[in-house]
Structure formats: C-alpha cells, structure tokens
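Please read the structure below before turning to the comments.
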Amino acid sequence: MKQYRVDWVWLTPVLGVVFVVLYLTTLTGVHTYDALSYILDVDRKPWPELFHPHHLLYGPLGATIRAVAISLGWQGSAEWWLQATNALAGAVGVVAVFVLCRVVTGTTVPALAAALSVGWSYAYWYYAAEVEVYTLATVALIVALILLVQLVRTPRWQTACRLGLINGIAVLAHQTNVLLVVPVLLTIGLTVSDRRTRLRLAVAYLLPLVLLVGGAYLWVAFGVSGMRRWNDVWLWLTGYARTGFWGGAIDVSKLAGFARGWSETLAIHGGGWVGLIALAVLLIGWRGIVRLSFPLLVGVMSWLVVYGLFFLWWEPDNIEFWIASLPPLAVLLSAALAVDHPLDRLHTGGAGVIGLLIAVVLLSLNLPAIKERGDPTRDLQRRIAASLVDAGNPGDLLIVPDGVLELYLPHYWQRDTVYSLNQAMTAGGGDWSVACQLIRRRIDTALISGYAVFIADDARLPLPAPPGQPPTPAERFGLAAETVAACYTPFETMLRPLVLADDLPTYRMIPSATALAVGEGWDFRNGRWGWHATGVTTETITATGWQMTPAIDPALLSPPVSFTLDRVIALEVRIATTTTARDAQLFLLDPAGQTSEELSVRFTLDRGSEMATYRIDLTGLAERLDRVGGLRFDPVGIGDGGTLIVESIRLIWR
C-alpha cells in the first residue's frame with residue numbers, strides 16, 4: 001500500500017506536465033463560432049458588456065487574462081492567452097480526475113486509466129485546446145465531486161460549505177451546472193440519517209451557492225446592466241430557451257443525436273466502438289461499482305441521469321454538453337477496474353491494463369483528429385475569407401452565410417462590415433420584414449458610400465441542412481429559401497460573378513463606385529448603383545432607366561469615387577426628357593466632396609422625348625483637379641412638370 005501511495009504522489013505532477021505540454025502543443029488554429037465570439041468580445045468590448053447569462057464568469061475572466069497579458073507587454077488579441085488558460089485548466093482537470101479516482105478506489109492503475117480516458121477523449125481534449133467555457137466549468141465540477149466524496153466519508157458542514165462555493169463557481173462558469181444541486185442533495189440525504197444533521201448540511205451547502213450565484217446575477221442585472229424590472233431579468237436569463245432553437249420533444253432524432261453526441265465525445269472516428277467497449281467493462285466490473293458507498297453511488301448515477309435527461313432534451317448531438325458527465329463516468333470506470341475482474345483470471349492486474357488500453361486507443365484516435373481539426377491550412381472557411389479580402393477593399397460589405405465567416409473576417413482581417421441573415425433577424429427581433437429592410441439598407445448604405453458589395457449565393461438562397469445535421473438559421477427562423485431570395489430582388493441585375501477558386505462557394509458582387517467609374521459605368525436600367533437624387537418629387541428605376549420628375553434644383557449625385565483625369569476624354573450620358581427646361585450641368589467633386597463652377601461643364605439637352613447620347617468633354621478640367629472624388633449631374637435647372645429618364649452614365653477613357 002505504501003508503494004501505491006508513492007506511485008500516486010509522483011504520478012500526479014508527471015501527469016500534469018504531460019497534459020500541459022500535450023494541450024499547449026495541440027492548441028487549435030481553427031476556432032468554433034462561440035470561441036471566436038468570446039475572443040472578439042474580450043478583445044473589443046468594455047467589461048460591463050462581457051456578462052453572458054449562460055456563463056456569467058467567463059467574459060470577465062477573459063478580460064482579466066487579457067489585462068494581465070497587456071501588463072506583461074503583450075500586444076494584439078488575447079486569443080493565445082485564453083487558449084493557454086484553457087489548456088492549463090484542462091491539465092488540472094485531468095490531474096483532479098486522477099486524484100478523485102485514486103481517493104475513491106484506493107488503486108493507482110484504474111485511477112490512471114480513468115484520468116487518461118477523460119484527458120484523451122475528443123470533447124475534453126478539443127475544448128481544452130480551444131477558447132471555450134466548458135473546460136473551466138468541468139474542472140469546477142471535478143473539484144465538487146472530490147468534495148462530495150469527502151462529505152460522504154466525513155459529513156461536516158465545512159465541507160458542505162466548500163462544496164456549495166465550488167458548485168456556485170461551476171454555475172457561474174455555465175448556467176446548466178445548477179443541475180448538480182439534485183445529485184448533491186440526494187447524496188446528503190442518504191449520507192446521514194439524523195434529520196437535523198441532514199438539514200444542517202443541506203443549508204451549509206445551499207447557502208453559499210445561493211449567495212454566490214444569486215448575488216452575482218443580481219449585481220450584473222441591476223448594478224451593471226441597469227435593469228429595473230424582474231421581468232427584464234427573467235427575459236435576459238431565459239433568452240436562449242425562448243428562441244425555440246433548443247429543447248423540444250424527445251423523439252427518434254433526439255435519441256439518434258444522443259448516440260452521435262456521445263460517440264463523438266469519446267472520438268470523432270470510432271467513438272461508438274470505444275463507448276461499447278467501455279460499457280462492457282462497466283457491466284463486467286459491476287461488483288466494483290456496487291462496492292462504492294451507497295450515497296456516493298446514488299450521487300454519481302443521479303448526476304448522469306439529471307445531466308443526461310436535460311441535454312437529451314436541450315441539444316443531444318452537441319459534444320460540448322457531455323463533457324460535464326465525464327467526471328462521474330470516470331469514477332464508475334475506475335471502480336469497475338479496481339476489483340478482481342472476470343477479465344483478469346490470472347489476477348495480474350490485467351483489468352487496469354485494459355483500462356489503460358482504452359485510454360491509449362482514445363489517444364491514437366484523437367491525436368490525429370485534433371491536429372487535423374485544428375490545422376488552419378485545411379480550413380475552408382479561412383480560404384474563403386482570405387479570397388474575399390483579396391478581392392475587395394476595407395469598407396466593402398460582405399454578406400455571408402450564417403457561421404464562422406461572420407467572425408473570421410473581423411478577427412483575422414479586421415473587416416467589420418460583415419452581415420448575415422442571423423444578424424439581421426436578431427437585430428429585427430425575429431421579424432423577417434424588418435430583417436429584410438435591414439439587409440437592403442446595409443446594401444444601399446455600402447453602395448451610397450462607394451463600396452463594393454459581396455453576397456454569397458448561400459446567403460441569398462440558403463440551402464437546407466444536410467440530413468442528420470442541425471437546422472440552419474433560416475430553417476430555425478421558418479424562412480423558405482425563396483423568401484430570403486426575394487429580399488435581394490432589387491439588386492439581382494446589378495450582381496456580377498466573383499471569380500474565386502473552383503472549390504470555393506459561389507459569390508457575386510456589386511462593383512464599387514470607383515470600379516464602375518473606370519470600367520463599364522452606371523447603367524440605371526439595372527439599379528441606382530449608389531447614386532441618389534435631390535430636388536425631385538418622384539423617382540424610380542424602370543426598364544428604360546432612372547425615371548424622375550424634377551422639382552427645384554434637381555441633381556444626381558454619385559457615390560464617392562477616386563480617379564484622375566489624365567486618361568479621361570469625356571463623360572457620356574444617355575437621357576430622355578419631356579421637360580421644357582433643357583439646361584444641364586456636370587460638376588466634378590474633389591476628394592473632400594466640394595465643387596465649384598470652375599469644375600463644371602454646361603451643355604444643352606436636345607428637344608424631344610427620345611433617348612439621346614451626350615458626350616461632355618472633360619479634357620479642359622484635367623489641370624484644375626488632380627483627383628476626382630465624385631460626380632454631380634444637374635439634368636435641368638428647374639423642373640416644370642415634365643419627366644426625364646437617365647439610362648446610363650459612363651466615362652470615356654483614352
């Protein structure tokens with residue numbers, strides 16, 4: 001027994017070092033949507049805006065980590081520091097599982113097998129190498145389970161108080177860990193028979209938990225966020241549950257998601273087989289499991305049942321939610337391996353070796369999977385983002401499919417002019433008519449400002465989710481692809497194909513004002529292209545061009561452009577008018593948007609309502625203006641009730 005204690009003592013730091021090195025050397029370079037959200041929040045938002053109701057602690061903790069990094073001279077994103085913190089926490093968790101199982105079983109090899117199985121499981125490993133909330137929450141749960149074991153062995157109110165504090169930290173790390181209250185209270189109820197002692201332990205546990213969690217949420221709600229009504233607090237706390245995206249009836253698809261989620265929690269490839277083998281070991285080693293103290297066994301089993309039922313209802317195919325069930329499973333596995341095992345007929349300790357083999361299989365399956373998943377050179381979304389950045393300029397509007405592209409572009413390329421269906425629906429309060437207007441307004445604003453607009457075909461016409469995959473945001477919002485596509489109808493004729501690599505998704509673009517100025521010009525039969533009219537009573541786009549009724553001092557103003565006149569010969573306008581007034585004037589604007597008579601050319605429109613072409617010579621203005629910043633076309637001096645139609649405007653180049 002003394003030798004086992006020595007093994008335990010020296011194995012603990014070795015295990016910690018091994019997993020710190022492993023997790024730090026396999027930090028992912030391909031982040032999840034949530035991870036990028038956390039990184040951007042920590043990098044950009046002031047701390048009062050970092051409190052998420054589902055994981056109240058993580059944002060402020062991230063801001064603290066970033067502040068420490070900056071104080072050490074770090075510059076740039078806190079991405080690596082957040083990942084490194086998770087890696088260290090993940091290693092601590094593995095060591096804590098080893099200590100927990102060693103304390104429960106009194107044996108080293110089974111405890112080591114259980115700890116390695118947790119540390120090398122895909123879900124635990126991947127989230128320890130990522131920027132996510134679940135690793136820190138799981139470490140708190142492991143510590144809570146250690147305290148629960150101590151409480152069962154020695155029922156003291158001090159231990160119950162510590163357990164309540166740790167449970168509170170776990171809840172602040174992720175809201176769903178309030179579920180731990182059920183197994184803890186069951187365990188307390190079965191640990192002592194005296195009613196007064198049972199009540200004293202329950203109060204000692206619940207009081208710090210309620211004070212810590214309740215105090216934190218009340219402070220954030222009323223003190224930081226400035227809420228004044230309890231209803232506002234309730235809506236803030238339950239916002240996700242009310243979207244309809246999560247939860248719902250437990251049906252065949254949920255059960256299939258449960259099986260898939262657990263399989264991938266163990267290993268992306270082959271996890272189901274590993275799970276079946278581990279289940280067989282648990283069943284064959286049932287004697288070791290039932291030898292656990294009855295209160296602890298009930299606590300561990302109820303933990304699995306409570307968490308299992310909740311996440312079966314919530315989102316069973318999501319591996320991140322099953323990480324919280326790994327610590328009690330590790331206890332059961334180590335207990336099953338810690339007795340004379342039917343698989344070990346020669347009593348050589350082979351059962352523990354079988355446990356170690358399970359862990360080694362997980363390592364062999366997940367090491368290449370983790371490396372492949374985290375390899376940025378294999379990241380299709382990053383290639384798409386890089387191609388879009390290369391094709392455009394800062395300020396261009398990028399309308400992308402819902403997903404990580406929304407965050408890749410701001411994080412890696414500082415391109416914040418990114419929009420998606422999900423953003424529009426969120427800003428529109430879930431009302432599609434409002435969201436569509438927001439999308440159109442963003443496009444119009446970009447064009448009026450002179451920028452290009454890039455639109456993914458998958459954003460204009462969102463495809464349904466593949467079979468067996470979670471529904472897309474469009475499906476979750478109940479939007480048919482045709483409904484979304486109709487929102488882009490006003491811009492369809494302005495879209496041009498964007499040339500990307502053959503294996504990348506299809507994008508289309510509305511060129512920038514400068515690209516049109518030095519290229520094909522503006523054909524108003526297709527749209528306004530960012531031009532806008534002043535001094536008119538009515539105006540609309542028709543099949544023949546931009547039709548309007550001039551009033552006082554009518555003018556057509558281009559978006560901002562940038563070009564020099566050294567190669568410009570003339571400006572060509574095609575226009576038809578029924579107005580009596582026919583005095584037209586073209587102004588060139590400087591880069592500051594200013595103009596004068598010296599930068600203008602007057603000309604007279606021909607009589608007649610037929611479309612006519614006018615070429616205005618600009619060669620005489622080249623010496624007066626180094627760079628053109630915009631165009632202003634006054635088609636007539638004043639309206640007289642007639643109409644005019646502008647078909648197109650383009651520059652003639654040498």
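The values are calculated or read from the model by the stated rules, or taken from the named source; none is laboratory data. The structure presented is a predicted model; accordingly, all values stated were derived computationally and were not measured. Every residue, glycine as well, gets a Cβ built from its backbone with ideal geometry; the counts of neighbours run over all protein chains shown.
Looking only at residues in the range 162-220 that are over 33 Å from the mean Cα position of the chain (by Cα) and among the hydroxyl-bearing types (Ser, Thr, Tyr), the one that is modelled with the lowest pLDDT is Ser193. When we screen Ala481, Ala533 for residues that are free of Cβ contacts under 8 Å to residues at least 40 places away in the same chain and in the same structural domain as Met611 (by TED's automatic domain parsing), the only hit is Ala533. Per the listing Tyr127, Tyr134, the residue uniquely at pLDDT below 95 and out of contact with any Lys or Arg (no Cβ under 7 Å at 6 or more places or on another chain) is Tyr134. Of the residues making up the range 101-146, not one is of a type in the set (Lys, Arg) and free of Cβ contacts under 8 Å to residues at least 60 places away in the same chain.
In the range 180-221, the residue that is nearest to Val305 (Cα to Cα) out of those that are of a type in the set (Gly, Ala, Ser) and part of a helix (DSSP H, G or I) is Gly189.
Hey, can you tell me all the residues within the range 183-205 that are among the aliphatic types (A, V, I, L, M) and farther than 17 Å from Ala140 by Cβ? The answer is Leu185, Leu186, Ile188, Leu190, Val192, Leu199, Leu201, Ala202, Val203, Ala204. The set of residues in the range 631-646 that are under 45 Å from the mean Cα position of the chain (by Cα) and either at positive phi or surrounded by fewer than 20 Cβ atoms within 10 Å (Cβ to Cβ) (or both) contains only Arg632. Restricting attention to the range 487-511, the residues being aliphatic (A, V, I, L, M), within 17 Å of Leu380 (Cβ to Cβ) and out of contact with any Lys or Arg (no Cβ under 7 Å at 6 or more places or on another chain) number 2.
Within the range 340-351, is there a residue that is at pLDDT below 95 and buried (at least 18 other Cβ atoms within 10 Å of the Cβ)? Within the range 340-351, one or more residues are at pLDDT below 95 and buried (at least 18 other Cβ atoms within 10 Å of the Cβ). Exactly one residue out of Leu88, Leu27 is assigned to a helix (DSSP H, G or I), in the same structural domain as Arg102 (by TED's automatic domain parsing) and not charged (D, E, K, R), and it is Leu88. Restricting the search to strands (runs of 3 or more DSSP E) fully inside the range 582-630 and requiring at least 3 residues that are touching a helix residue (DSSP H, G or I) at 6+ places or on another chain (Cβ under 9 Å) and of a type outside the set (S, T, N, Q) gives 583-589. No other residue among Thr187, Thr197 is surrounded by fewer than 15 Cβ atoms within 10 Å (Cβ to Cβ) and of a type in the set (Ser, Thr, Tyr) apart from Thr197. Reported count of residues in the range 239-279, each being surrounded by 13 or more Cβ atoms within 10 Å (Cβ to Cβ), without any contact (Cβ under 8 Å) to a residue 24 or more places away in the chain and among the small types (Gly, Ala, Ser), is 5.
Pairing residues of the range 636-654 that are closer than 18 Å to Leu621 by Cα and modelled with pLDDT under 90 with residues that are exposed (fewer than 15 other Cβ atoms within 10 Å of the Cβ) and of a type outside the set (A, V, I, L, M), at Cβ distances under 6 Å and at least 6 apart in sequence or on separate chains, gives Arg654/Arg567. Applying the condition of being in contact (Cβ under 8 Å) with a residue 24 or more places away in the chain and surrounded by fewer than 19 Cβ atoms within 10 Å (Cβ to Cβ) to the range 48-81 and asking which residue is farthest from His174 (Cα to Cα) yields Ser77. Scanning the range 355-376 for residues that are of a type outside the set (D, E, K, R) and within 20 Å of the chain's Cα centre (by Cα) yields Ile370, Gly374, Pro376.
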